[in-house]
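The values are calculated or read from the model by the stated rules, or taken from the named source; none is laboratory data. The model shown is predicted, which means the values in this text are computed figures rather than measured ones. Every residue, glycine as well, gets a Cβ built from its backbone with ideal geometry; the counts of neighbours run over all protein chains shown. Note: accessible area is taken over every heavy atom of the protein model, side chains too, but ligands, DNA and RNA are not part of it. Shrake-Rupley method; radii C 1.70, N 1.55, O 1.52, S 1.80 Å.
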Amino acid sequence: MDSKLNTPNLEYNPFQHRKVKKPNSDIRSLANLIKASLGSGLLAIPLAFANSGWVLGIVSTVVIAFICCHCVYIFVQTSHGCCRIIQKPLLGYAETCRVVFEIGPKAIRPYAVWASIFAEFSLLFTYVGVCCIFTVLIADSIKQLFDRYITTVDLPVEYYCLILLLPLCLMCQIRYLKWLAPFSLLANILLVATFAICLYYIFKDEIIFSDKKMIGAAYRFPVFLSTVIFAMEGMGVVMPVENTMKKPEHFLGCAGVLVIAMTLIMLLYTTLGLFGYFRYGDALKGSITLNLPIDEWPAICAKSFIALSILLTYPLHFYVVLDIFTKYTEPHIKEKYRNITQVLARIAVVCFSGGIGIALPMLEQIINIVGALFYSILGLIIPGVIETIFRWENLGRYRWILWKNTFIVLFGLGSLISGCTVTILDIIDRLKSKTT
């Protein structure tokens, strides 16, 4: 490796050279980051605890939160190091992967473009999957309310997914993260209210936990991993959020935006997962709001709030998909056609994501597939590989960085293979039961 290529220019501060069109404050960035890791994942955590058992669930959630936070930390730190080396103010997720390969050992430099393409496709498929999950979750919540209070209408969940395409297409025309921040803030408020209502029902009556599993069946633990990884990870949103901060130096550090966000997320997940499992046991559904009674006004509010919260969150995750699309298509489109192209592309992606939700409206299984396959790659495997390559000439005493990242990559691969296997078997069983 050429010494000039992998030596950061300490005199170059990328933060001082950033020119962001619509910069976000620390509070707005924190709101976007928390919202990226909350939502359907938070409400699926009790079901994850039902699969793992409550003792194993607590320990594993804390460990996974630490690993996910560490992976975000090392990736952002590596991105900053790359910015100093090539003297560029900011880099996206895929750009960071490309630059790391370009400045890495000579043997891997020819694969820099392929590394970038792989990262882009991982991001694309991950957030298309998230959009599918959000569509199904909103549709499930609306269907429950309509089935109870508008008895003249009896539509399958697929039709509700179809109806949702119109408002989602309109909302996804918003193009700047700064304009999405108020939606994220409102969505966070609604989610906190939903969380509070869920806790109300959880603690409303005496909790019996003596009959709950401390450690669940081993073959169901991969499903727990898939759900928690899906819930915790927000890697695809991390770089857009960090790159649009007014003070990006506040993102990392002990009291930085990242640590505050992940600590709050871990506490929320552990609390709702533990006590949600204690209350509903093995009867839990893909979202705990679906277990709430349908004829009491607090539960009705919770179901309405979560539907609206996810609806407001949808454009934030959709931003990642269109960011990739714009990057590759805009240079090849004449300026006068760029606006209409953006409008049509946004409509097409929403319809495509909704179409998948209509074809496979299985909330729990889609969450597990996206968590096991895409988030394991995006949030665990890629950061472990990227930091190892970037620090190849200085892996620390006894090469501890190499051993640490090897563990992270193997953990990600294990989660991917086991989670996908169990979930695919679940989907096959569900489809068989429908046909019999």
Which stretch or stretches of the stretch 199-240 have amide N atoms under 13 Å from the point lying 7 Å from Asp282's Cα along the Cα→Cβ direction?
-> 211-214, 216-218, 220
Solvent exposure, largest accessible area first (probe 1.4 Å, DNA, RNA and ligands not counted), of Glu335, Glu120 | Glu335, Glu120
Assuming R0 = 51 Å, what is the FRET efficiency of Tyr219 and Val343, from their Cβ-Cβ distance, to the nearest 0.05?
-> 0.60
Kindly sort Leu137, Leu311 by accessible area of their heavy atoms, largest first, with the probe set to 1.4 Å.
-> Leu311, Leu137
What is the Rg over Rh value, at two decimals, for the stretch 280-436, using alpha-carbon atoms and the Kirkwood definition of Rh?
-> 1.08
So what is the calculated 222 nm ellipticity per residue for the chain, using -39500 (n - 2.57) for each DSSP H run with n of 4 or more, over all residues, to the nearest 500 deg cm²/dmol?
-> -24000 deg cm²/dmol
Partner lysines whose C-alpha sits under 20 Å from that of Lys143, ignoring same-chain residues fewer than 8 away, are Lys285, Lys303, Lys434
Rounded percent of accessible protein surface that carbon and sulfur make up, the chain, 1.4 Å probe = 68
Mind checking which lysines have their C-alpha under 25 Å from Lys178, skipping anything on the same chain fewer than 8 residues away?
-> Lys19, Lys21, Lys22, Lys35, Lys88, Lys246, Lys247, Lys327, Lys336
How long is the gain from Leu186 to Ile163 if the chain were fully straight, where each residue apart is worth 0.36 nm and the alpha carbon distance is subtracted?
-> 6.0 nm
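What per residue convex hull volume, in Å³, do the alpha-carbon atoms of the stretch 241-318 yield?
130
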Exposure ranking of Val113, Val238 by accessible area [1.4 Å probe, largest first] = Val113, Val238
Quick one: how many Å² of Tyr200 are accessible to a 1.4 Å probe, rounded to 10?
-> 110
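For Thr326 and Leu431 in one chain, what is 0.36 nm times their gap in residues minus the Cα-Cα distance, to one decimal in nm?
34.1 nm
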Give the accessible area for Phe125 in Å² (nearest 10); use a 1.4 Å probe, count only protein heavy atoms, and leave out ligands, DNA and RNA.
-> 100
Just how much of Asp26 is accessible, in Å², when a 1.4 Å probe is used and the result is rounded to the nearest 10?
-> 50
Which parts of the stretch 274-290 would a label at Ile208 reach, counting a residue when its backbone N lies under 20 Å from a point 7 Å out along Cα-to-Cβ?
-> 274-285
